[in-house]
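Okay, structure first, notes after.
The values are calculated or read from the model by the stated rules, or taken from the named source; none is laboratory data. The structure displayed is predicted, hence computed values, not measured ones. All Cβ positions, even for glycine, are placed from backbone atoms using ideal geometry, and neighbour counts span all protein chains on display.
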Amino acid sequence: MEEQKQLTIAVIAGTTRERRESIKAAGFIADYGKKLNNTKIVFVDPKDFYFPGDGNDPEGKDSRYTDITKNADAFFIVTPEYNHSFPGTLKRMLDSELENYIHKPVALAGASNGGWGGVRAVESLVTVVREMGLVVTSYSVYFPRIQELFYEDGSIKEEFSDRYNKNLYEAYKELLWFAYILKDGRENFSLDL
């Protein structure tokens, strides 16, 4: 069997909020990805970037984020749910790039303090990322009552570890499958008329 090429996955945290609990889920997802063979994880914290203005005009970009999106083979977005949707910070960051998303897969994870786990934020995000040319995987991960799932240092509590490791296995398995297929298509497909 042919050896698989290394894939670069950008794990994107979805908010700059000071007391954000979802950053723990994002860190957990990134750490899980680092254990996978032939996978390089790039952790994207929106606090580390600056996006002036709106849209994807040249003056509204952060070149560091542009480089990350250009080099990423896939994305795993982790969004908290604020008022039944995802944060404006995430939308602004995603809007800054368009051509670097085309025909790349994205997995989604939601987090909330309530019992839904960010499902409404994830559902709101699906139409946005599809419009950007990303291919949304069908397996999402949800973190309801996130304040109860992790220790202060960001590690997951033992009683939740097995369940979330199984969920991430399924989510990454699908994301990486899409990443290999779509990377091959981007590099080799042409339509001759």
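General observations
- Close pairs from the range 143-171: first free of Cβ contacts under 8 Å to residues at least 24 places away in the same chain, partner surrounded by fewer than 13 Cβ atoms within 10 Å (Cβ to Cβ) and of a type in the set (Asp, Glu), Cβ under 9 Å, at least 6 apart: Lys157/Glu148; Phe160/Glu148
- Residue match in the range 185-192 (condition: under 23 Å from Phe28 (Cβ atoms) and either at pLDDT 95 or above or part of a helix (DSSP H, G or I) (or both)): no
- Just so you know, in the range 5-23 the residues that are out of contact with any helix residue (DSSP H, G or I) (no Cβ under 7 Å at 6 or more places or on another chain) and touching a residue at least 40 places away in the same chain (Cβ under 8 Å) include one that is surrounded by the fewest Cβ atoms within 10 Å (Cβ to Cβ), and it is Lys5.
- Within the range 146-160, being of a type in the set (S, T, N, Q) and under 17 Å from Gly117 (Cβ atoms) holds for one residue alone: Gln147.
- Subset of the range 33-53 (residues that are in a helix (DSSP H, G or I) and under 17 Å from Leu94 (Cβ atoms)): Pro46, Lys47, Asp48
- Residue in the range 168-183 that is farther than 21 Å from Asn37 by Cα, modelled with pLDDT of 95 or more and charged (D, E, K, R) present: no
- Qualifying residue in the range 12-32 (condition: touching a Lys or Arg at 6+ places or on another chain (Cβ under 7 Å) and either closer than 21 Å to Lys183 by Cα or assigned to a loop (DSSP other than H, G, I, E, B) (or both)): yes
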